[in-house]
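Have a look at the structure below, then the notes.
The values are calculated or read from the model by the stated rules, or taken from the named source; none is laboratory data. Keep in mind it's a predicted model, so treat the numbers as computed, not measured. A quick note on method: Cβ atoms are made from the backbone with ideal geometry, for glycine too, and the neighbour counts reach across all protein chains shown. Just so you know, the surface numbers come from the protein's heavy atoms only, side chains and all, with ligands and any DNA or RNA stripped out. Shrake-Rupley method; radii C 1.70, N 1.55, O 1.52, S 1.80 Å.
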Amino acid sequence: MPEAPQTDEGWYALHDFRTVDWDAWRDATKRERDRAIESGIDYLQAHEALSDTDEEAGGSAVFTVLGHTADLLILHLRPTTAQLDTAERTFEQTAFARFTEQTASYVSVTEVSGYMSQEYFEGETVEDSGMARYIRSRIEPEIPDAEHVCFYPMDKRRGEQDNWYDLPFEERADLMSNHGEIGREYAGKVTQIITGSIGFDDYEWGVTLFADDPTEIKHLLYEMRFDPSSSRYAEFGSFYFGRRFGPSDLDAVLAGDPVDWDGRAEDDSAASELSARLDRLGVTLDAPADTEPHAVLVSCDSSVEELTNAVNDLRGNFEHYDSHIETFVHDGDEPTVISTWTTARAADTAAGFLDDLPGATETLTGSTGTGDDDSGGNHGQQASTSSDLRSELASLDIYAGQPHGEDVHAIVLYSTAPVDELEHAVGDLSDGFDRYDTHVDTSVYQAHDQERSAVVSLWDTESGAETAGGYLADLPEIVARPGDETDGFGTMGMFYTVKPEHREEFVSAFEEVNDVLAGMDGHRETDLMINTAAENDMFIASQWRSKEDAMAFFRSDEFRETVEWGRDILTDRPRHVFLA
């Protein structure tokens, strides 16, 4: 008998498809409709907030469904069938439920199989390895913030000529690997949640795809149609396609009004409060064309003079970033510092430093709601809420983020392995990474005067960087961070590409600055890391006792002078990244 692959399961899934009884809805009184809308919003908000579970694990989301098959899809992920069962039955107790009918549903559980990694199932993968973390992200997934969703169930064919279950394990594994290669080409464009349903529902698997651009879902599925795993061995059920909306927009959905989705900023109460505060202050913000500026407002009870001096110090650092628009002190009954940025991510980072201003009493951050942001990312929820995988990388002090002012995402981690061993391992990984359009570069860097190495991997998308981080964490002799200190505050100056004729001058200047740093209170150590394959490509990594100590240096005349000097010998402006 052919070998059956092992599986590992995670959260249970319910796709609950509902149609609205539009005749009953139109005939209902306004009071009945208002009560139904209120109960529906309360239910959806409570379940998206996971208020029904003490574990704070799982997820819920609601979508409109296009076409005749349904009007709504409520998607639930929960750790137990009991929680899933309760979520389904609780909806039936709402006043809104009487206007809906469940026309379809699908019950399944998130799943990974031995086709993905035999080592994982044979116990050869340690619990905190990159592969183990990646698998955990597959069976305990976050519901993506993407606007569009596509769900379909599927089977593997059991025909007389083409029978998936008669194939040897190795052949099935190869077919699935090739099938997965197509999917990985869409990393950052389409996100999938795969669930198993043998014994749970009519088909063997459920596939849920998420994308902001709906045509990417079509392109992915079209390309996969020509892969033998689909063309010869797959049978598909009905396809459902929809758009996500926030629970608070349920009344607009039922009224037939246009509903926009931006899950990364669905709760606009902070933006509304921020706009109202600006109005009260009589402040009108200027912003570059085609941007949606994000602002930080900090109320302070210190004197304007003291506040101005502190802001001037911060502004000198802020102005090194292309995403900075302006930072100034508004004089009034209660002085207010106003700082505007082109992205929510940059504004959130700046808020962390502005919180430390003298006499700061309140900090408010949000979109100003003016202009259009075509950046395709960097919105509130995405910037403030990290995925489980990102959190695990952070716990290892592996930086996974987007350098300020750059359109790439970076993974940085350190190793004490010999450079030649590390280069060989990174070379193998980089060859694999190069198959993905979202990969920019992965390189090994060696410390200028220490036996220490680092790996930097750059990607066009956050999801690509996070996935790569799982594999990079398995490189030989990875350490949490350079040196013996495991706490404190780290900074990285990245993208130092030195003009060849100035290389020795740059290295010499670094040694001089390092001597200055050695005498600064709170400084622990600083390394100049040099790309082993391109000697003019460098980054500088520093460790400090605290954020305050690091900021004291960034506010110093020595730092400003160094930055000004660097403009003449670098091919591009460097970017600074902060690591808590």
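General remarks:
- Test: P141 is at pLDDT 90 or above and within 30 Å of V479 (Cα to Cα): yes
- As for the stretch 370-385, it holds no residue that is over 22 Å from the mean Cα position of the chain (by Cα), open to solvent by 40 Å² or more (accessible area, probe 1.4 Å) and at pLDDT 60 or above.
- Pairing each residue of the stretch 44-65 that is farther than 19 Å from L209 by Cβ with any residue that is assigned to a strand (DSSP E or B) and open to solvent by 20 Å² or more (accessible area, probe 1.4 Å), provided the two are 6+ apart or on different chains, yields C-beta distances under 8 Å for A57/W11; G58/W11.
- When residues of the stretch 1-46 are limited to those that are open to solvent by less than 80 Å² (accessible area, probe 1.4 Å) and of a type in the set (S, T, N, Q), the one farthest from the chain's Cα centre (by Cα): T29
- The listed residue being under 28 Å from D257 (Cβ atoms) and either open to solvent by less than 20 Å² (accessible area, probe 1.4 Å) or modelled with pLDDT of 95 or more (or both), out of A97, A49: A97
- When residues of the stretch 436-467 are limited to those that are within 24 Å of P144 (Cα to Cα) and charged (D, E, K, R), the one most open to solvent (accessible area, probe 1.4 Å): D437
- Qualifying helices (runs of 4 or more DSSP H) (wholly inside the stretch 453-556; at least 1 residues being at pLDDT below 85 and more than 29 Å from the chain's Cα centre (by Cα)): 503-518, 547-554
- Qualifying residue in the stretch 281-293 (condition: open to solvent by less than 10 Å² (accessible area, probe 1.4 Å), modelled with pLDDT of 75 or more and farther than 22 Å from R555 by Cβ): yes
- Filtered residues of the stretch 224-252 (kept if hydroxyl-bearing (S, T, Y) and touching a Pro at 6+ places or on another chain (Cβ under 8 Å)): S238
- If the condition is being acidic (D, E) and more than 21 Å from L14 (Cα to Cα), then the stretch 180-225 contributes E181, E185, D212, D213, E216, E223.
- Test: residue in the stretch 81-89 that is in contact (Cβ under 8 Å) with a residue 24 or more places away in the chain and out of contact with any strand residue (DSSP E or B) (no Cβ under 7 Å at 6 or more places or on another chain): yes
- On the stretch given as the stretch 177-192, residues that are out of contact with any helix residue (DSSP H, G or I) (no Cβ under 6 Å at 6 or more places or on another chain) and open to solvent by 30 Å² or more (accessible area, probe 1.4 Å) total 7.
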